[in-house]
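Novice: Let me give you the structure first, and then I'll get to my questions.
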Amino acid sequence: MKEQIKQIRQVAEEAIAAAQSEQEIEALRIRFLGKKGELTAILKQMGGVSPEERPIIGQLANEVRSYIEEQISTISASLKAQSAAKKLESEKIDVTIPGRATTLGQKHPLNIVLDEIKEIFLGMGFDVAEGPEVELDYYNFEALNIPKDHPARDTQDTFYITENILLRTQTSPVQVRVMEKQKPPIRVISPGRVYRSDAVDATHSPVFHQIEGLVVDKGITMGDLKGTLEDFAKRLYGDDSVFRFRPHHFPFTEPSAEMDTMCFNCQGKGCRLCKGEGWIEILGCGMVHPKVLANCGIDPEEYSGFAFGLGLERIVMRRFGIDDMRLLFENDIRFLNQF
Ligand code: DAH
């Protein structure tokens, strides 16, 4: 039996010395010292040993047990230290490697010009109002003096959610929403997305942007409209640009007009850019129709106002010389990086 114990000691010693990992060490610990381990198995046979020999064998077994324990703990400590050192080595940071540059985003061309326009009107004391893109037929048409079956609806076909709920075709419904909530004096602009059931091409998109404007107070005249809009347009297009107002028709204004800027390319002579007109339309405007004021609970005998609406894409395209509207919506980084 003594021989068996000594042999266990020798086998264990060699196995432990050869162990390469903490898992192997743990397996050896179980193999030699565990409850079902080799040493324990030997001690269970002590019953067959003579009483004189028992203490001697017991002592030997204990010595071997503590010897193996010691070996295991020494080796496992050194394995732990080795793997910690390896980890440190592999996680070393090389501070001399150049950093990764973060590329900054930038404003979309539509927002560059929109922010300029907002800035101009805020400087004149206007507030910015918002309205829903999913709109009631009432606000988009009816309250703006465009009843069902009015021919003006033909040019503004849109996407219907129900018979009475649609994607707004213009920002003009915000005029009505503002006037319903707010007493004059009113001075607001309202930029936003609008929708029409148009096929996509270089100058059309089923989604585009408008900026609406509305001023209502006592004694507002066409003179205020012209002064305000010319001042705005000069700030946007430059002091030496030339404008004209041309009679037009909108159901929600009376009288109505369109404002043109003289073609900066040909100075009014007519060229490809202005399609031979010499002038380029920039916005629609007019004096708010008395019926519209009344629809919103504002007395047209006491108050008057003017309104205007402009399309953002056309202004942006002209400003940057963009010849295809699709570029503004495709989000091609190579295009957007140029602004
Ligand atoms: N809503 C009109 C359109 O989409 C533009 C417009 C014209 C707005 C005249 C106005 C206005 O406020 O007074 O064609």
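Novice: Above 21 Å lies some portion of the pair distances; for the range 2-91, what is it as a whole percent of all C-alpha pairs?
Specialist: 38
Novice: Would you kindly calculate the translational diffusion coefficient of the range 134-250, applying Stokes-Einstein with the Kirkwood radius from alpha carbon pairs, for 4 °C and a viscosity of 1.567 mPa s, and quote it in µm² s⁻¹ without decimals?
Specialist: In µm²/s, the coefficient is 80.
Novice: Can I ask one more? Need one number: the % of Cα-Cα pairs in the range 66-121 sitting beyond the 17 Å mark.
Specialist: Counting every Cα pair in the range 66-121, those more than 17 Å apart make up 71 percent.
Novice: To continue, here is another question. Any chance you could give the angle, 0 to 90 degrees and rounded to 10, that helix 53-90 forms with the longest Cα principal axis of the chain?
Specialist: Here the helix axis deviates by roughly 30 degrees.
Novice: Could you look at the chain and say what percent of its accessible area is carbon and sulfur, using a 1.4 Å probe and all protein chains? Display every interim value, and only then the final one.
Specialist: Values: 10140 of 19600 Å².
Solvent-exposed carbon and sulfur of the chain make up 52 percent of the total.
Novice: What number of lysine-lysine pairs in the range 2-91 show an alpha-carbon separation below 23 angstrom, given a sequence spacing of 8 or more or placement on distinct chains?
Specialist: Numbers: 2/35; 2/36; 2/44; 6/35; 6/36; 6/44; 35/44; 36/44.
Summing the qualifying lysine pairs gives 8.
Novice: What angle do you read, to the nearest 10 degrees and between 0 and 90, between the alpha-carbon axis of helix 222-237 and the longest principal axis of the chain?
Specialist: The answer is roughly 50 degrees.
Novice: With all pairs of different alpha carbon atoms counted, what Kirkwood hydrodynamic radius in Å does the range 156-211 show?
Specialist: Across the range 156-211, the inverse of the average 1/r is 12.7 Å.
Novice: Could you give the length gained on full extension between residue 91 and residue 111, defined as 0.36 nm per residue of separation minus the Cα-Cα distance, in nm?
Specialist: 2.7 nm
Novice: In whole angstrom, how far apart do the alpha carbon centroids of the range 1-72 and the range 139-196 sit?
Specialist: 92
Novice: Would you list, by chain and number, the lysines whose Cα falls below 29 Å from the Cα of residue 181, excluding same-chain residues fewer than 8 positions away?
Specialist: Counting by Cα, and skipping residues close in sequence, residue 181 has these lysines nearby: 118, 148, 218, 226, 291.
Novice: Show me the three semi-axes of the equivalent ellipsoid for the range 219-261, from the C-alpha gyration tensor (sqrt of 5 times each eigenvalue), largest first, rounded to whole Å.
Specialist: Ellipsoid semi-axes (Å, largest first): 20, 13, 7.
Novice: Also, quick follow-up: Express the C-alpha Rg of the range 48-89 as a ratio against the empirical globular expectation 2.2 N^0.38 Å, rounded to two decimals.
Specialist: Cα-based Rg divided by the globular estimate yields 1.98.
Novice: Using only protein heavy atoms and a 1.4 Å probe, report how much of residue 218 is accessible, in Å² to the nearest 10.
Specialist: Around 120 Å² of this residue is reachable by solvent.
Novice: Calculate, for the chain, the solvent-accessible area per residue in square angstrom, rolling a 1.4 angstrom probe over the heavy atoms of the protein chains.
Specialist: Using a 1.4 Å probe on heavy atoms only, each residue of the chain averages 58 Å².
Novice: Say the dipole of the range 29-105 comes from +1 at the beta carbon of Lys and Arg and -1 at that of Asp and Glu; which of 43, 62, 81 then lies farthest toward its positive end?
Specialist: Checked the options; the winner is 81.
Novice: Considering just Cα atoms, how many Å³ per residue does the convex hull of the range 176-300 enclose?
Specialist: In the range 176-300, the Cα hull volume divided by residue count equals 131 Å³.
Novice: I've got another one for you. Could you give P(r) for the chain, binned at 10 Å from zero, as whole percent values over all Cα-Cα pairs?
Specialist: Going from the shortest bin to the longest, the percentages are 5, 18, 20, 12, 4, 3, 4, 6, 8, 9, 7, 3, 1, 0.
Novice: Using the scaling law 2.2 N^0.38 Å as the reference, what is the normalised Cα Rg of the range 228-339? Spell out each step's value before the answer.
Specialist: On the way: Rg = 17.4 Å, N = 112, 2.2 N^0.38 = 13.2 Å.
Normalised Cα radius of gyration, the range 228-339: 1.32.
Novice: Taking Cβ-Cβ under 4.7 Å as the only way to count a partner, pick out the unpartnered cysteines of the chain.
Specialist: 285, 296 - these cysteines have no disulfide-compatible partner (Cβ-Cβ under 4.7 Å) in the chain.
Novice: Could you work out how far helix 22-33 tilts from the main Cα principal axis of the chain, as a 0 to 90 degree angle to the nearest 10?
Specialist: Taking the Cα atoms of the chain, the angle to 22-33 is about 30 degrees.
Novice: While we're on this one: Using modelled backbone amide H atoms (1.01 Å from N, in-plane), which distant-in-sequence or interchain residues come within less than 5 Å of residue 257's amide H?
Specialist: 248, 285, 286
Novice: Within 13 Å, Cβ to Cβ, of residue 29, how many net charges do the neighbouring residues add up to if Lys/Arg are +1 and Asp/Glu are -1?
Specialist: That works out to -2.
Novice: A further question on this structure: Over the heavy atoms of residue 226, what accessible area does a 1.4 Å probe trace out, to the nearest 10 Å²?
Specialist: 90
The values are calculated or read from the model by the stated rules, or taken from the named source; none is laboratory data. A quick note: this is a predicted structure, and the numbers were derived from the prediction, not measured. Cβ: placed from backbone, ideal geometry, glycine included. Neighbour counts: every protein chain shown. Side chains included, ligands, DNA and RNA excluded: accessible areas come from the protein's heavy atoms. Shrake-Rupley method; radii C 1.70, N 1.55, O 1.52, S 1.80 Å.
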